[in-house]
Amino acid sequence: MTKKKDGISVNLVSRQKLDEFSSAEKLEFILKEVQKGKVLVLEHGLTPMEQTELIAHTMKEIKQDTFIGIEMEGYGEDKPSIIQKILGVIKKPRMTVIGPADLLKTVRKDSNMIQTRIIPGRGAE
């Protein structure tokens, strides 16, 4: 992870940006950004399958002295209505927050808010 003296970068990533990528490209983009020490807030979150794949990729990239993993918290997919189920409409997952495990800690999550704490000094010195 790149250590910076000028603070921690928090990137708000739009749905349009994520839609430009295939699922594999999206995960590669996220992992590279987090390895650089950035915290990402994704407007549309990851599917459960993408979350699983991201964790698997992250586990392969762990290096005790430079990258200990990710912290990820988000909202799942909205429950589809009966009409949406009949029509086969798939809801996209809602917002997700992802960052380096040594910088980002989830404090609290409820149905309307994810509260996280960015801990400077460990990964962004």
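For Ile8, the requirement of being touching a residue at least 60 places away in the same chain (Cβ under 8 Å), touching a strand residue (DSSP E or B) at 6+ places or on another chain (Cβ under 8 Å) and not in a helix (DSSP H, G or I) is met.
Screening Phe29 against (1) of a type in the set (Phe, Trp, Tyr); (2) at pLDDT 90 or above; (3) within 22 Å of Gln115 (Cβ to Cβ) leaves a single unmet condition, (3). Return the residues of the range 13-32 that are more than 15 Å from Glu61 (Cα to Cα), under 12 Å from the mean Cα position of the chain (by Cα) and assigned to a helix (DSSP H, G or I); say none if nothing qualifies. Those that are more than 15 Å from Glu61 (Cα to Cα), under 12 Å from the mean Cα position of the chain (by Cα) and assigned to a helix (DSSP H, G or I): Leu18, Lys26.
Every residue in the range 46-55 that is of a type in the set (A, V, I, L, M) and farther than 13 Å from Glu71 by Cα, please. Passing the criteria: Leu46, Met49.
The values are calculated or read from the model by the stated rules, or taken from the named source; none is laboratory data. From a predicted model like this one, the values you see are computed outputs, not experimental measurements. Glycine gets a Cβ as well: all are built from the backbone with ideal geometry, and neighbour counts include every protein chain shown.
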